[in-house]
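First comes the structure, then the notes that go with it.
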Amino acid sequence: MAPKLPPHHPVEQSTSATAGGQASAHHAPPRGILRWLLTTNHKEIGSLYLIFSLIMFFIGGIFALVVRAELFQPGLQLVNPEFFNQMTTMHGLIMVFAAVMPAFTGLANWMIPLQIGAPDMALPRLNNFSFWLLPVAFLLLLSTLLMPGGGPNFGWTFYAPLSTTYAPPSTTFFILSLHIAGISSILGAINIVATIINMRAPGMRMMDMPLFVWTWLITAFLLIAVMPVLAGVITMMLMDINFGTHFFNAAGGGDPVLFQHLFWFFGHPEVYIMILPAFGIVSAIIPTFARKRLFGYASMVYATASIAILSFLVWAHHMFVVGLPLAAELFFMYTTMIIAVPTGVKVFNWITTLFRGSITFEPPMLFALAFVVLFTIGGFSGLMLAIAPADFQYHDTYFVVAHFHYVLVPGAVFAIMAGVYYWLPKWTGHYPNVKLAQWHFWLSVIGVNLTFFPMHFAGLAGMPRRIPDYALQFADFNLVSSLGAFMFGASQLVFVAVVILCVRGGEKAPAKAWEGAEDLEWSVPSPAPLHTFETPPTFQRHEH
Amino acid sequence: MSGGSYYVPSTSKWPILGSLALGLMMIGTGMVLVHDRGTPIMTLGLLAVLAVMGFWFRDVVKESRGGLYDAQMDRSFRQGMGWFIFSEVMFFAAFFGALFYIRTFALPWLDGEGAKGVAALLWPEFTASWPLMSPPDTAVAGPRDTFSPWQLPLVNTLILVASSITLTVAHEGLKEGHRDTTRNWLFATLLLAISFITIQGVEYYEAYVHYGITLEAGIYGATFFLLTGFHGAHVIIGATILAVMLVRVLRGHFSSDNHFGFEAACWYWHFVDVVWIGLFLFVYVF
């Protein structure tokens, strides 16, 4: 399965080299910026995704810090309420679509071909297209902040009619930028599915795949299924705004609640899109540093698939107070609670893997263990929110904010960082600096909990979401949250330092950088050469 | 999985140019919609997108004809096209879902029926019906009349079903190696596609001029144009693909055992056909 690189192929002699793509394909890879613009290499594209995601993580983080600075004290101090709304909205949009999702896609690009023994992604040019759509989409999105009337100010869920009748003029640009990002996600996901199904090393069955590959296969399926629904609903918004339709306006027979149904039919699978690959990363790291095989491999696969299927049947648990029929409240309450079962299977499998393991606490393991504990907290608060009558109290309070930040920050983001620490030796050939990484870990863990734990209490006491000012009794909780947020934000600079130092030098890593690591990526040298598995490897099956 | 060789193109400028072209097109579109200017930018962007697609596909065709692709690459393309069509199915599913939700829940509730009939407090005079001729608020003018499904829509259904059959005959001809059969039946398919688009254009004219069915005419007009409009756009795309396939057939690009480009076009056309059946049933008949 050695890739036929153009210079060695007869077609070079048989066709004139005038065609654009062909002509450039015949020369050595271009240097400088063109190398990155034109690349079709899964490792380079993976790095582009990761760097883009890191930059967006800081931009989205700065928006969050504007929010937290304003909320440091009651009263209006720093920004006006209109700008505050734009900051909460843009923070959410950037973190979801430009930081977390591209980070996982970057890891998928880098690691899936290495983990299944493929020479590259199945459709390498499409892969490059998927990436380069993202900077275009998010430059356009960020530019809305400078447009007359400001950027999106209706929350990342952009409920109609706030996002249609009462929206700023820039909303049309917001919709178009989200269309570009959606195209990127769909094409990227198609590429990942094709790669996993079609490019595995000979002899590697589906049930031999590392869990990161499995979880990404299922995630990619979710992306292909729901990103078009997002495209559909924003298209209907675009028409309501610009062409006088009444999809989300009851005056013409439409329904604003229809928007919420369509949005959350996309939105709930979307939140699993942001967590399933995290499960895969943690399922790689915990066995490595517990020096045991993952407990319950097959049940992990089935649990992931169950979560994905259930994610299509739970969307209206975001809408318990909107005025649903009782039957719908009950249906969505019970389906939501059922999700705790496969998720519990996963948590128990990780804990059982740790049981009687020879555990060491390298940086990736620290983040993975923190993931298991803190994600579980977020999972439990999710169960509380799933109870419809209780949700009437929690809805739209800071309790919800606490819940989804627990699953997304010490959940998804910690898993991404764990993955970065785990695979940095493979990418750079060097181990990350352990002391600095430990500083990063402990500052992050403390910062995250300082930020988000008090939000549970503020929310239960009745503090609403998305407001720039609040009643005096919430002052202490908000003060702690804001301090924690700045601590967490600043500690991410340590992360950047670790990554840069690791790229530039550090302790040399062997091919198998971690003693207990088993998967195929550890059979290629560190750093991984630009082209790997040009001849498919022989896959050695270990019994799960 | 195969022991063959997998073609990995070393570099390409089409993806980055395509991204920029799409960005240009979107910025132009936004400017046209928001600021009422920017048509040149939008047009330039659209042309650039089309040009990039043309060049990109030309490269793929060249590589394929140059023998660079093996059976594994063929499977990647099949996977890619199959999942792309699935994503399109979900795009239309969102619109059908909206239609069913409006008809089953939203309108009866506004009329006081069902679990959330309290919504009738908004417009007590409102009576639900489908097609919705009088929207709840009198400020919104509903359609004056609706189409009979047994006239132009039925004709269009027969045309599109027939086109799927003619396309299958063309495909069988290709598999048997009868290039003339393929050419003739593919040409017939293209004629049927053009007839469909023309009739749909006539229907839109009728809708606006004689029936008062417009985008603004309440939820009936909105869902009607959303579903038929995006379907029509897909028919135009599908017909364009078929036209390209006809050119490729004339140039002898396909062999009886290697013609996935043609097959993918068939898949897409059948998908467009199936969506129309759903439209015919739920937009026109029921």
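The values are calculated or read from the model by the stated rules, or taken from the named source; none is laboratory data. Not measured: the values here are computed from a predicted model. Note that we place each Cβ from the backbone using ideal geometry, even for glycine, and neighbour counts take in every protein chain shown.
Here are a few things to note about the model shown:
- Test for A:Phe289: is it more than 14 Å from chain B (Cβ to nearest Cβ), over 23 Å from B:Glu88 (Cβ atoms) and in a helix (DSSP H, G or I): yes
- Checked against (1) more than 22 Å from the chain's Cα centre (by Cα); (2) farther than 18 Å from A:Phe375 by Cβ; (3) assigned to a helix (DSSP H, G or I), A:Ala225 passes all but a single condition, namely (1).
- Condition met for B:Gln72 (out of contact with any Lys or Arg (no Cβ under 8 Å at 6 or more places or on another chain), at pLDDT below 95 and either buried (at least 21 other Cβ atoms within 10 Å of the Cβ) or polar (S, T, N, Q) (or both)): yes
- Out of B:Gly67, B:Gly112, sole residue that is within 9 Å of chain A (Cβ to nearest Cβ), surrounded by fewer than 18 Cβ atoms within 10 Å (Cβ to Cβ) and either in contact with a Cys (Cβ under 6 Å, 6 or more places away or on another chain) or at positive phi (or both): B:Gly67
- Looking only at segment A:236-267, and only at residues there that are of a type in the set (S, T, N, Q) and touching a residue at least 40 places away in the same chain (Cβ under 8 Å), the one that is nearest to A:Pro168 (Cα to Cα): A:Asn242
- Restricting segment B:7-50 to residues that are more than 7 Å from chain A (Cβ to nearest Cβ) and part of a loop (DSSP other than H, G, I, E, B), the residue that is surrounded by the fewest Cβ atoms within 10 Å (Cβ to Cβ): B:Asp36
- Members of segment B:245-286 that are in a helix (DSSP H, G or I) and without any contact (Cβ under 8 Å) to a residue 60 or more places away in the chain: B:Met245, B:Val247, B:Ala265, B:Val274, B:Leu279, B:Leu281
- Residue, farthest from B:Thr223 (Cα to Cα), within segment A:241-264, restricted to residues that are in a helix (DSSP H, G or I) and in contact with a His (Cβ under 7 Å, 6 or more places away or on another chain): A:Trp264
- Any chance B:Ile213 is under 30 Å from A:Asp255 (Cα atoms) and either within 21 Å of the chain's Cα centre (by Cα) or outside any helix (DSSP H, G or I) (or both): yes
- Any hit, segment B:95-114, residues being of a type in the set (Lys, Arg) and not in a helix (DSSP H, G or I): no
- Residues that are surrounded by fewer than 16 Cβ atoms within 10 Å (Cβ to Cβ) and within 28 Å of A:Phe221 (Cα to Cα) within segment B:51-60 comprise B:Met53, B:Phe57, listed in sequence order.
- Matching residues, segment B:210-247, being over 19 Å from B:Leu152 (Cβ atoms), more than 12 Å from chain A (Cβ to nearest Cβ) and among the small types (Gly, Ala, Ser): B:Gly238, B:Ala243
- Single match in A:Thr353, A:Thr336, A:Thr360 (criterion: farther than 20 Å from A:Pro210 by Cα and more than 23 Å from the chain's Cα centre (by Cα)): A:Thr360
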